[in-house]
Amino acid sequence: MLAALAYPCAVALAKGKKMKHEAGFLFELPDKWKWEDASAGGVLLPPGVAVDPDREDNQEVYSIHAQRGVSSERAYVERIRADLKGAKIEIDRGGDLENFSAPGSPGIVYTFDFAHPKLQTPHRVRIFAMTPKGSLIVLQATGLRQKLEQRDRLLREVARSLDWK
């Protein structure tokens, strides 16, 4: 269930540069990170991190999802809430909001903290949502809370770089 929350199918790799996605969005890929492309987004892979879409115990998954013409993150976030509730996950921190500023577009950060249902380890789903030029772009981080906390500054930089062509 958790892998399904954040892992679109992979198609291609790129590394270390300003990225332009065929769906029309741009972002900065951190140095030494890899990008696995998909039709409406993709997955960011820090050095040494691999994601198995068939497993629920990936320690960290970072993905970008983009939707032209959608000007609110509300439906996206409500789907995440419903997925967590459907998996009978008891949430410790249920979608706390934080305003987030990106050049040219204000954004919102949602944070969901919970114990992984099988592993009983502290997990987090963090959603950085922006609507530059009136269309939604989301950076979603899912995994061990400690790993996500360690990468928070860099994730914020990636989120600030998200924009539409």
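Residue under question is Tyr76, and the condition is that it be more than 25 Å from Lys17 (Cβ to Cβ), buried (at least 16 other Cβ atoms within 10 Å of the Cβ), out of contact with any helix residue (DSSP H, G or I) (no Cβ under 7 Å at 6 or more places or on another chain) and of a type outside the set (Asp, Glu); does it hold? When the stated conditions are applied, Tyr76 passes them.
So that you can scan it fast, the table gives a plain yes or no per residue for (1) farther than 20 Å from Pro103 by Cβ; (2) at pLDDT below 50:
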position	(1), (2)
Ala6	yes, yes
Ala12	yes, yes
Phe25	no, no
Leu29	no, no
Ser39	yes, no
Val49	yes, no
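Suppose the filter is out of contact with any Cys (no Cβ under 6 Å at 6 or more places or on another chain) and at pLDDT 90 or above; does Val43 pass it? Spelling it out, Val43 is indeed out of contact with any Cys (no Cβ under 6 Å at 6 or more places or on another chain) and at pLDDT 90 or above.
Scanning region 116-165 for residues that are charged (D, E, K, R), closer than 27 Å to Arg68 by Cβ and assigned to a strand (DSSP E or B) gives Arg126, Asp163. Look at Glu60 and say whether it is among the acidic types (Asp, Glu) and within 15 Å of Leu26 (Cα to Cα). No; evaluated as a whole, the condition is false for this residue. Among residues of region 68-83 being at pLDDT 90 or above and of a type in the set (A, V, I, L, M), the one that is farthest from His123 (Cα to Cα) is Ala75.
For region 81-88, the criterion of a residue being closer than 27 Å to Trp164 by Cβ, touching a residue at least 60 places away in the same chain (Cβ under 8 Å) and small (Gly, Ala, Ser) is satisfied by no position.
When region 127-151 is filtered for residues that are charged (D, E, K, R) and modelled with pLDDT under 95, only Lys133 remains.
Is there a residue in region 92-105 that is buried (at least 16 other Cβ atoms within 10 Å of the Cβ), in contact (Cβ under 8 Å) with a residue 40 or more places away in the chain and aromatic (Phe, Trp, Tyr)? Yes, region 92-105 contains a residue that is buried (at least 16 other Cβ atoms within 10 Å of the Cβ), in contact (Cβ under 8 Å) with a residue 40 or more places away in the chain and aromatic (Phe, Trp, Tyr). For region 30-58, enumerate the residues that are in a loop (DSSP other than H, G, I, E, B) and touching a residue at least 60 places away in the same chain (Cβ under 8 Å). Residues satisfying the conditions are Pro30, Pro46, Glu56, Asp57, Asn58.
The values are calculated or read from the model by the stated rules, or taken from the named source; none is laboratory data. All values derive from a computational prediction rather than experimental measurement. So basically every Cβ, Gly included, is an ideal-geometry build from the backbone, and we count neighbours across all protein chains shown.
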